[in-house]
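Shown next, in structure tokens, is the structure this report addresses.
The values are calculated or read from the model by the stated rules, or taken from the named source; none is laboratory data. Everything quoted here is computed from the prediction, not taken from an experiment. Reconstructed Cβ throughout: ideal geometry from the backbone, glycine too, with neighbour counts over all protein chains shown.
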């Protein structure tokens, strides 16, 4: 009986491994210092966000709070100017996604500086800062509602004209207009009614609106 129970438990190894990874991510959030979410919103450290678009990462080091002995970023430096396309290229786990999360102030660098238009990132209001940053993840996330609503989540006050302009910029307008219900097409759970490329373009439009 003991051997049988042990054999049955092997099917749970993968689930246990996934749970451990998820738990580590949750613990990273729990370990965040309170200043990460409050200091940037204090009155003496608030600036109006009106970016020209220059981003400078200067000698940035970073370790996750739950793994302080493991350096994810070590002396990362680069500058992105308005209109430039900058790619962060590297092996899985080298810190590409972490860099984007730091730019959004989900984490603070262990060492180094991040400047937006030559102004330290810590000086910006957190909510206003994030409203200026559009992120499109590798796996697009859509909700079981219309295309219009899925794009509008990027800017709740956006009008139909705004939505269409963003869709055109994302090369999504033509395929949307070819659908029977156009922008009122319900995409299904996680966008199951659309192809992978169509889902990606809608998410890009959401980031641009």
Does residue 68 count as free of Cβ contacts under 8 Å to residues at least 12 places away in the same chain, part of a loop (DSSP other than H, G, I, E, B), outside the structural domain of residue 182 (by TED's automatic domain parsing) and farther than 19 Å from residue 170 by Cβ? yes
Is there a residue being without any contact (Cβ under 8 Å) to a residue 24 or more places away in the chain, farther than 27 Å from residue 83 by Cβ and touching a helix residue (DSSP H, G or I) at 6+ places or on another chain (Cβ under 9 Å) anywhere in region 163-173? no
Among the residues of region 73-113, the number that are surrounded by 13 or more Cβ atoms within 10 Å (Cβ to Cβ), in a loop (DSSP other than H, G, I, E, B) and in contact with a strand residue (DSSP E or B) (Cβ under 6 Å, 6 or more places away or on another chain) is 3
Among the candidates 203, 136, residue that is assigned to a loop (DSSP other than H, G, I, E, B), within 25 Å of residue 116 (Cα to Cα) and in contact (Cβ under 8 Å) with a residue 12 or more places away in the chain: 136
Within region 148-161, can one find any residue that is touching a helix residue (DSSP H, G or I) at 6+ places or on another chain (Cβ under 6 Å), surrounded by 14 or more Cβ atoms within 10 Å (Cβ to Cβ), free of Cβ contacts under 8 Å to residues at least 40 places away in the same chain and assigned to a helix (DSSP H, G or I)? yes
Going by the conditions given, is residue 204 at pLDDT 90 or above, within 14 Å of the chain's Cα centre (by Cα) and under 28 Å from residue 52 (Cα atoms)? yes
